[in-house]
Amino acid sequence: MSHIFILNDVVSAITNLDSDIEIQSAFFDPPYNIGFRYSDKVNDNLPEHQYHQLISDTFAALKPRLSANGSAFLVHYPEACARLLPIIEAQGFRLQQWISWVYPSNIGHTKKRFTTAHRALLWLVHDDCKQPLFYPERDTQPYRNPNDPRVKTQIAKGKTGTHAYDWWNINMVKAGSREHNGWYNQIPYALIKRMVLTTSEVGDYVLDGFAGSCSMWPVANDYGRNAILIDLDPESEKKFQEFEGEEEE
Ligand SMILES: C[S@@+](CC[C@H](N)C(=O)[O-])C[C@H]1O[C@@H](n2cnc3c(N)ncnc32)[C@H](O)[C@@H]1O
């Protein structure tokens, strides 16, 4: 198993990957273009057409590097996903499923609309892919009625739960969360684990194009995947080095 960090723009980094690397599962958690203050390398207040170009170019770069039965996931606000989906489809992808990541939230209340407490997770595959690699039984959700006789029979056979719904109830990583590693907007381990485990095999390459805290590293490491982590921010590379250093100790 080997993990790589590439300090570069996501489009250049994917385009220049070694030719023998094939990505089985890719994850994109881009800046949301809402004026968030990232490093001085990132402008999170782009004109909309430039922002859409970044997402379009990212998927265009991924297209020849994603395995024929591979998967790519984009996480964003649902309204943004609705606008981005046709842009991604134009690069030769199709929507396998629209997943909702729901989380309880005590912030963002407004008198103008309901409180935003979920994000969309677009699961994308090649437009000619009939069925991507998919193992739902590898990351199940607990049975709701474990005392039901039929469920008891399943549990006795060793089953741990049912296939997950297309809405994933996973807490956000907050400053007080046990897994918080000091980074802003860190994606939870449980969410990355579900994507990686169900859509790739041990030994495959998984990629995070906007790696941030390198939250994909521990999942890839725990489950025997090779991680390719990309980010423009040198602080992200430091997080990678911390993970790699801890592993060596
Ligand atoms: C929303 S954060 C990702 C957080 C990450 N998923 C995590 O769990 O910690 C977006 C990241 O994208 C990086 N970024 C922004 N534009 C980029 C680009 N063009 N190429 C590569 N990385 C970029 C930022 O530096 C930031 O770390």
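The values are calculated or read from the model by the stated rules, or taken from the named source; none is laboratory data. Just so you know, these numbers come straight off a predicted model, no measurement behind them. Cβ sites come from the backbone with ideal geometry, for glycine too, and all protein chains shown count toward neighbours.
For the range 193-249, filtered to residues that are within 25 Å of Leu54 (Cα to Cα) and of a type in the set (Asp, Glu), the residue that is surrounded by the fewest Cβ atoms within 10 Å (Cβ to Cβ) is Glu235. Thr58 meets all of the listed conditions (1) under 17 Å from the mean Cα position of the chain (by Cα); (2) at pLDDT below 95 but one, namely (2).
Please go through the range 174-190 and give me each residue that is at negative phi, under 14 Å from the mean Cα position of the chain (by Cα) and not aromatic (Phe, Trp, Tyr), ordered by number. It would help to see each step written out before you state the result.
Let us first name the residues in the range 174-190 that are at negative phi, namely 174-181, 183-184, 186-190.
Right, trim to under 14 Å from the mean Cα position of the chain (by Cα) and you get 186-190.
Gln186, Ile187, Pro188, Ala190 - these are the residues of the range 174-190 that are at negative phi, under 14 Å from the mean Cα position of the chain (by Cα) and not aromatic (Phe, Trp, Tyr).
Of all residues in the range 135-162, those satisfying the criterion of being exposed (fewer than 11 other Cβ atoms within 10 Å of the Cβ) and within 27 Å of Leu121 (Cα to Cα) are Pro142, Arg144.
Name the single residue, out of those in the range 21-45 being away from the ligand (no atom under 14 Å from the Cβ) and closer than 26 Å to Gly245 by Cβ, that is surrounded by the most Cβ atoms within 10 Å (Cβ to Cβ). My answer is Ser25. Residue count for the range 7-20, restricted to those that are touching a Leu at 6+ places or on another chain (Cβ under 9 Å) and either more than 12 Å from the ligand (Cβ to nearest atom) or within 21 Å of Tyr223 (Cβ to Cβ) (or both): 1. Considering the range 11-112, the qualifying strands (runs of 3 or more DSSP E), each wholly inside and each with 2 or more residues that are farther than 26 Å from Asn226 by Cα, run over 93-102.
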